[in-house]
Amino acid sequence: MNVFKQTYYYLKYRLRANTLHGTHSPFVYQFLEQIVYPKVVSESLNKIEIRRADLLKDQRQIEITDLGAGSRENNNRIKTIQRIAKSALKQPKFAALYYSIIKSTKPAHIIELGTSLGITSSYMAMAASEKIYTLEGCPNTLSIAKETFELLEIKNVETIAGNFDQTLPALLDQLNQVDFIYFDGNHTKSATLHYFNLAITKATENSLFIFDDIYWSEEMIEAWEIIKADPRVSITIDLYFIGLVFFKKGQAKENFTILF
Ligand SMILES: C[S@@+](CC[C@H](N)C(=O)[O-])C[C@H]1O[C@@H](n2cnc3c(N)ncnc32)[C@H](O)[C@@H]1O
């Protein structure tokens, strides 16, 4: 998507977005007030940010296996770690949000689609009381993520190598339910909807699905519209860079756009 379209969608979001006080749903109000807006402070998260800073300077080169929709800026097969760290990782603000959500809601079965260098996985693992699963298709990228987990002494991450098309259904077969899943790889409409439909078979009314880059392309916007309209979904929250999907029963079906 070109820069004008991106700006257009972002401005549209800003004009539509509500703050806490414009939100009439008690569930969403409480979620924003108690989890989304409070600032997270934690010594262990600082350590993850030190690792991110090191990756942002890392000149080692690796060969990339791209099983997804590719990158917006550069699809070379050989990349420096620095370049991957600049373009692929979720910003601290969002990673800290996942940390808060996991700390507060204590989901038991957590999955991340797209490990990359292991930065967001580290936030999720540090918040989780149980093991989290993170799936990655590029073996060389995954080996840097493993380095991240080792350096940060994170032991509750199970990495699963391979294409999501195979690894996600295989993992879902092993789990009774999925409580928290972060979709952060292969940003095409068909893949996003396919993974959504696979994961929803293991969703409960307390599950939370988070979709990354919902305005990354026209295709992703279309996928997001389809997910919002799905009758199995109750509440969605559009934070522009990510979209949150809830399945709560007894809630009016409603789509919120919230300033973040
Ligand atoms: C945006 S990055 C993930 C960033 C990470 N969640 C973070 O915030 O630190 C997306 C990752 O998904 C992986 N990926 C994309 N499509 C895939 C697929 N079909 N199967 C497996 N991995 C895939 C890419 O190799 C890439 O490392």
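The values are calculated or read from the model by the stated rules, or taken from the named source; none is laboratory data. Computed from a predicted structure; not experimentally measured. Here the Cβ positions follow ideal geometry from the backbone for every residue, glycine too, while neighbour counts run over all protein chains shown.
Things to note:
- Scanning segment 108-136 for residues that are touching a strand residue (DSSP E or B) at 6+ places or on another chain (Cβ under 6 Å), buried (at least 23 other Cβ atoms within 10 Å of the Cβ) and over 13 Å from VAL157 (Cβ atoms) turns up just one, LEU113.
- Test: residue in segment 38-60 that is part of a helix (DSSP H, G or I) and polar (S, T, N, Q): yes
- Of the numbered criteria (1) in a helix (DSSP H, G or I); (2) without any contact (Cβ under 8 Å) to a residue 60 or more places away in the chain; (3) out of contact with any Leu (no Cβ under 7 Å at 6 or more places or on another chain), the one GLY250 fails is (1).
- Filter pass, THR65 being away from the ligand (no atom under 12 Å from the Cβ), polar (S, T, N, Q) and under 21 Å from GLY137 (Cβ atoms): no
- Residue within segment 171-180 that is part of a helix (DSSP H, G or I), farther than 28 Å from PHE31 by Cβ and more than 16 Å from the ligand (Cβ to nearest atom) present: yes
- In segment 137-159, residue surrounded by the fewest Cβ atoms within 10 Å (Cβ to Cβ) [restricted to those that are assigned to a strand (DSSP E or B) and free of Cβ contacts under 8 Å to residues at least 40 places away in the same chain]: GLU158
- All told, SER104 falls short of being assigned to a helix (DSSP H, G or I), buried (at least 20 other Cβ atoms within 10 Å of the Cβ), modelled with pLDDT of 95 or more and of a type outside the set (A, V, I, L, M, F, W, C).
- Filter result for THR257 (without any contact (Cβ under 8 Å) to a residue 24 or more places away in the chain and not hydrophobic (A, V, I, L, M, F, W, C)): no
- Candidate set from segment 1-42 (those that are aliphatic (A, V, I, L, M) and exposed (fewer than 12 other Cβ atoms within 10 Å of the Cβ)); member that is farthest from ALA127 (Cα to Cα): VAL3
- Flag if ASP212 is near the ligand (Cβ under 8 Å from one of its atoms), in contact with an Asp or Glu (Cβ under 6 Å, 6 or more places away or on another chain) and charged (D, E, K, R): yes
- Matching residues, segment 11-28, being in a helix (DSSP H, G or I) and in contact (Cβ under 8 Å) with a residue 12 or more places away in the chain: TYR13, ARG14, ARG16, LEU20, PHE27, VAL28
- Residue within segment 151-163 that is under 27 Å from ILE200 (Cα atoms) and either away from the ligand (no atom under 14 Å from the Cβ) or under 15 Å from the mean Cα position of the chain (by Cα) (or both) present: yes
- In segment 207-246, of all residues being hydrophobic (A, V, I, L, M, F, W, C) and part of a helix (DSSP H, G or I), the one that is surrounded by the fewest Cβ atoms within 10 Å (Cβ to Cβ) corresponds to ALA229.
Rundown of residues vs (1) farther than 23 Å from LEU171 by Cβ; (2) more than 10 Å from the ligand (Cβ to nearest atom); (3) touching a helix residue (DSSP H, G or I) at 6+ places or on another chain (Cβ under 8 Å); (4) of a type outside the set (S, T, N, Q), yes/no style:
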| position | (1), (2), (3), (4) |
| --- | --- |
| ILE81 | yes, yes, yes, yes |
| GLN91 | yes, no, no, no |
| LEU97 | yes, yes, yes, yes |
| TYR133 | no, yes, yes, yes |
| ASN140 | no, no, no, no |
